[in-house]
Amino acid sequence: MSQFPLISVMTFLPLMGVILLFFVNKKSYSLHRVIALVVSLATFVVSLPLVTGFQSNAEFQFVEKVPWISVGPFQMNYHVGIDGISLWLVILTTFIMPIAILSTWTAVEEKVKEYMICLLLLEVGMLGAFISLDLFLFYIFWEVMLIPMYFIIGIWGGKNKIYAAVKFFIYTMVGSMLMLVALIALYFKAGGGDFSLLRFYEVSLDPATQTWMFLAFALAFAIKVPMFPLHTWLPDAHTEAPTAGSVILAAVLLKMGTYGFVRFAMPLFPDATARFTPLFATLSVIGIIYAALVAMVQEDVKKLVAYSSVAHLGYVMLGVFALNQQGLSGGMLQMLNHGVSTGALFLIVGFIYERRHTRLITDFGGLAKQMPIFATIFMIVTLSSIGLPGTNGFVGEFLVLLGSFESSLRWYAVIGTSGVILAAVYMLWMFQRVMFGELTNPKNQTLTDLNAREIVIMLPLLVLIFVMGVYPTPFIDKMSPSLEKLIVHCKSKQQTAKAEVPQLPVAQVSPAAAVIPADSK
Amino acid sequence: METIAIPAINFAPIMPEVILSIFGMALLLVNVFVPSEQKAYLGYLSLGGIIIAALTLLNGWGAPPQEGFSSSVQLDNFAIFFKGIFLLSATLTILISDHYMKREECNVGELYPLILFATTGMMLMASGTDLMTIFLGLEVLSVSLYVLAGFNRANVKSNEAGLKYFLLGAFSTGFLLYGMALTYGATGTTRIAKIAEFIAQNTSVAANPMFYIGMLLMATGFSFKIAAAPFHMWTPDVYEGAPTPITAYMSAGPKAAGFAAFLRVLIVAFPSLKADWTDLLWVLAVLTMTIGNIIALNQNNIKRMLAYSSIAHAGYALVGFTAGNAEGTAGILFYMLSYTFMNIGAFAIIILVGKKGEENNNVSDYAGFATKHPVLALAMSVFLFSLAGMPPTAGFIGKFYLFSSAIKAGYIWLAIIGVLNSAASVYYYLRVMVYMYMKDPVEEFDWMKASPAVMLCILVSVAGALIPGVLPSYLLELAQKAVLL
């Protein structure tokens, strides 16, 4: 398969922008913005052939494999490729980046060069994590993502930026470090060789090993998702991050967690997945309800959207853990939807913050009269976030609830459904307080409506909201075969595991030394 | 009349040491004739000596081990790799010394010969296959370092550092020597290989308490030298007080030398007691990592912070040591090398930011550094991320290798403690970055004039911290080849 290395070109194209930016005078702000925008647009264009060239089957496509590190017992490859699970997430990333960059055109006015470098590096990290088929490579990209995001929050963030940035970094780091240990242990358990994901899929692990390895992986991903009760870093990070940071955080970074479950934690440890499904479903449902309730009482629009993120990702997790066709495709679709809708919401919050330098709901009211275009767009996005039929949100939520209802998670689905109502309550209530009523605050009476640039930013998102809402089939079709394969893989492994070990108490975790053979030389 | 058989003297295995000592002595003489503002020339001369020593050293790489002085020294890949680290740390230290000495107005030329002598001592430690040779190397190293630590005579803290290091160092040497004596008493030999032979032949020796106490005391002595907890107490004060280039040097070279000797003694002399010394080592590893990191968390002086962090790093290396397999040893070698780059690099920046009288050494003094000096701040970030073990840096690969060796040997919980520790360590490394990037500048940093030598040191260090992070194969292979056993 020695064709054009499309994936690598796409992944490392932003790096070209970084190198270019290094040589640009640090005062030429507009040039920095243009370079970053052009490079990210080019990345998006380069990523499009992935969609058109993608065959709707379960195989990994556009695969590239080059030996990278080979020493002692270790063999790491530069092994990348995409299947139906990663395809749309890759496209979502390349799609959202130009929007995010365009959104900060006037919001960030100092250290623009460094800001753009961080954004582009972040894009490399995110794309790399989605395309890696080598666990070691994945881990590198996974960690590399942290650094630019840390700087984006910490340098260009709001009042509490340092606290939020450090919290974000440490939370994620703790989780991923344990994943690293499990990853190495898995490697030795698989008998050495290379770190290829596909090879690890075939390894059969005993239930006790699976338990703690799954927990280590799941912790890393659950922090990133974030699942209740590990979500506390998210509202801080979201609120303090600059608009582009929030958009990327919501649209892509959080998907790393859910993607991690689908790609790594569940298929690698199917038996443990089955065992922990009730736990994770419970946490998801708690996340849905709890985050919705907390969102309801927020005074800060951005914080409200941040909590709504937690609730939305609860749906994703519920669908994913249903582990059937509807649930998984619903979950995957919901990942994309959340990226689009919540990304758009953060952009909207950014627009009014740029104008008024406040995000408190009480500072607004009656904006609809003053900013009709803004009001229309805001309305559409709000409805899509609630999941109104005809918008993207509906399809995803519907499939998730359908899937989980048909699986063993029936009662979770029943409770989770109430989250839909709660979402309508807090979103509409917020919308009402911000947009309708009397235009009392004199500061709001001079507000200007969206300018051309801002409309251009929102347009692609609005189009997607309707396209995905009315005609989601092409999205689902591309991912279905891969999801089907994943389900078959997990279910069959769970079956064999059950046949071998009829009963296994959850608490029985054997000491590590017994799990891994001592020095296998 | 009994004839005394003089063994054939083979200088080849200690050629680099010989060259360095000759240069050191010559420089002491030359020093008299060099005016104080031109001592930098001594630095260049000593760099010349290091380069010649390095060339002779490289010559022996890959060749079969050479023995000399009736097999009390041995030049093998293991020793060569470590000697490379020593020469590198000496080079980087010399590059950053002149700037500091001019600033502190203690421009005394003896600095360079002393660094060369210390390096000679370290090299002997890495080569020593006899307890006496190792001790000899250790003393040559230590005596030079005592002087170097107290080098800045006008500074009270430097005086304190020298004295403290001398007293505690002498104490630990006592432990080490006593342990060696007991081991000699129990086995009748000081040759490391012979000790192993003796143990293999005499099962009774294992029941001999003298023998165990000997091993334990030696381990204690070495633990002092590598600053493993609970024998780390001298480190923060000495690191804080010593002149900054010497702190950088002490955190890299001598620590690696301690590991070199420690590794050789335990692995070659006591292989049959592996179960015993790994038990000892994991306790040391856990204590060292945890204590180092926890205390580093609330240090405000950046030199002290790096001192505690270097204790923690010794703990990570001990994790690989505990694993006791080839990967673990190779991991230590790789880690020591990358640690040399990242730590001396960080100290180079500290020297630049510092003012006369060791001022500006607080973390808060770095506020807004990135705004004023973006390139240097970027370099500092690379060092700090590498120390924290973030990919794609050498620090990450090193930790990955160390921890995976432990996991392979079945010490999963030790690896978990290790990674949790490095997650905690992120906090204090990030703190420096928070000040550099996220706080408004309070200083102009206008006194900073980086000399070409310092810039070269930073450049080399950045390359050393980054390139092995992206393309580690070559260095890892070298480390793999350097593992004795």
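The values are calculated or read from the model by the stated rules, or taken from the named source; none is laboratory data. Everything numeric in this text was worked out from a predicted model, so none of it was measured. Note that we place each Cβ from the backbone using ideal geometry, even for glycine, and neighbour counts take in every protein chain shown. In case anyone asks, the SASA skips ligands and DNA or RNA and just uses the protein heavy atoms, side chains included. Shrake-Rupley method; radii C 1.70, N 1.55, O 1.52, S 1.80 Å.
Within the accessible area of chain A, the carbon and sulfur atoms contribute 68%, probe 1.4 Å, all protein chains present.
Within 10 Å of each Cβ of B:413-425, how many other protein chain Cβ atoms are there on average? For this peptide, the per-residue mean of nearby foreign Cβ atoms is 5. By a 1.4 Å probe calculation restricted to protein chains, B:TYR335 has an accessible surface near 0 Å², given to the nearest 10. Looking at the stretch B:1-152, the accessible area is 40 square angstrom per residue; that uses a 1.4 Å probe and ignores ligands, DNA and RNA.
For B:ASN208 and A:LEU31, FRET efficiency with R0 = 60 Å and r from the beta-carbon atoms, rounded to 0.05?
The formula returns an efficiency of 0.20 here.
Averaging 1/r across all pairs of distinct Cα atoms in the stretch B:289-377 and inverting the result yields a Kirkwood radius of 14.5 Å. When Rg and the Kirkwood radius Rh are both evaluated on Cα atoms of the stretch B:86-212, their ratio Rg/Rh stands at 1.13. Roughly what angle does helix A:392-406 make with the longest principal axis of chain A, taking Cα atoms, 0 to 90 degrees, to the nearest 10? Result, in degrees: 30. For the stretch B:267-313, the average shadow cast by the Cα convex hull is 3.6 nm², which is a quarter of the hull's surface. Volume of the convex hull of the stretch A:113-254 (Cα atoms only), normalised per residue: 97 Å³. Check the straight Cα-Cα distances from A:LYS443 and name the aspartates and glutamates below 19 Å, setting aside those fewer than 8 residues away within the same chain. Partners found: A:GLU299, A:ASP300, A:GLU354, A:ASP363. From the Kirkwood radius over Cα pairs of the stretch B:1-141, Stokes-Einstein at 20 °C and 1.002 mPa s returns a whole-number translational diffusion coefficient of 136 µm²/s. Both radii are taken from the alpha-carbon atoms of the stretch A:1-139; with Rh as the Kirkwood radius, Rg/Rh is 1.03.
Extent along the principal axes, Cα only, for the stretch B:177-336: 54, 29, 22 Å, with the longest axis given first.
Mean residue ellipticity, 222 nm, helices only, chain B: the sum of -39500 (n - 2.57) across DSSP H runs of n ≥ 4, divided by residue count and rounded to 500, is -25000 deg cm²/dmol.
Computed from the alpha carbon positions, the gyration tensor of the stretch B:273-485 leads to an equivalent ellipsoid with semi-axes of 32, 19, 13 Å, biggest first.
Per the Debye formula on identical point scatterers at the alpha carbon atoms of the stretch A:178-316, with no solvent, log10 I(q)/I(0) at q = 0.18 Å⁻¹ is -0.95.
Entry note: the stretch A:57-127 has Rg to Rh equal to 1.14, where both radii use alpha-carbon atoms and Rh is the Kirkwood radius.
Distance between the 7 Å Cα→Cβ label points at A:GLU438 and B:ASN298: 5.4 nm. Expressed as a whole percent, the proportion of Cα-Cα pairs in the stretch B:329-409 lying more than 18 Å apart is 49%. Seen against the Cα atoms of chain A and their longest principal axis, helix A:135-144 is set at about 30 degrees.
Distance between the modelled labels on A:VAL414 and B:THR56, one decimal in nanometres: 8.6 nm (7 Å Cα→Cβ projection).
Divide the volume of the convex hull around the Cα atoms of the stretch A:8-76 by the residue count and you get 113 Å³ per residue. With the alpha-carbon atoms of the stretch A:92-161 aligned to their principal axes, the span from lowest to highest coordinate is 39, 25, 18 Å, starting with the largest. Note on chain B: Cα-only Rg and Dmax are 21.5, 83 Å. Comparing the full protein assembly with the isolated chain (1.4 Å probe, heavy atoms, ligands and nucleic acids excluded), the residues of the stretch B:384-409 losing at least 50 square angstrom of accessible area are B:PHE385, B:MET390, B:PRO391, B:PHE396, B:PHE400, B:ILE407, B:LYS408.
Once the Kirkwood radius over Cα pairs is known for the protein assembly as shown, the Stokes-Einstein relation at 4 °C and 1.567 mPa s delivers a diffusion coefficient of 43 µm²/s. In the context of the full protein assembly, A:TRP212 retains an accessible surface of approximately 40 Å², using a probe radius of 1.4 Å and ignoring ligands and nucleic acids. In the full protein context, the stretch A:222-314 carries 17 Å² of accessible surface per residue, based on a 1.4 Å probe and ignoring ligands, DNA and RNA. All alpha carbon pair distances within the stretch B:345-467 were sorted into 10 Å bins beginning at 0; the resulting P(r) in whole percents reads 13, 38, 30, 14, 5, 0. In the stretch A:181-215, burial by the other protein chains removes 50 Å² or more of accessible area from A:VAL181, A:ILE184, A:PHE188, compared with the chain on its own (1.4 Å probe, ligands and nucleic acids ignored).
For the stretch A:16-39, a decrease in accessible area of 10 Å² or greater in the assembled protein chains relative to the isolated chain, with a 1.4 Å probe, applies to A:PHE22, A:LYS26. Per the Debye formula on identical point scatterers at the alpha carbon atoms of the stretch B:12-269, with no solvent, log10 I(q)/I(0) at q = 0.15, 0.16 Å⁻¹ is -1.02, -1.13.
Size estimate for the stretch A:408-488 follows the Kirkwood approach: the inverse of mean 1/r over distinct Cα pairs works out to 17.5 Å. Counts of other chain beta carbons within 10 angstrom of each beta carbon in peptide B:431-438 average 5. Thinking of chain A as a set of Cα atoms, what percent of all their pairs are more than 39 Å apart? Of all Cα-Cα pairs in chain A, 21 percent lie more than 39 Å apart. Along the charge dipole of chain A, which of A:LEU122, A:VAL34, A:ALA424 sits closest to the positive end, that is, farthest toward it, with unit charges on the beta carbon of Lys, Arg, Asp and Glu (+1, +1, -1, -1)? Towards the positive end, the residue furthest out is A:VAL34. For peptide A:159-166, the mean count of partner chain Cβ atoms within 10 Å of a residue's Cβ comes to 3. Pairing chains B and A buries close to 3900 square angstrom of accessible surface in total, based on protein heavy atoms and a 1.4 angstrom probe. Computed from Cα positions, the angle between helix A:161-189 and the longest principal axis of chain A comes to roughly 20 degrees.
For the stretch B:140-253, taking the reciprocal of the average inverse distance between every pair of different Cα atoms yields a Kirkwood hydrodynamic radius of 15.3 Å. When restricted to Cα atoms, the stretch A:1-48 yields an Rg and a Dmax of 12.6, 45 Å, respectively.
Sum up the charges of everything whose Cβ sits under 11 Å from the Cβ of A:ILE69, counting Lys and Arg as +1 and Asp and Glu as -1, but leave A:ILE69 out.
Around A:ILE69, the surrounding residues sum to -3.
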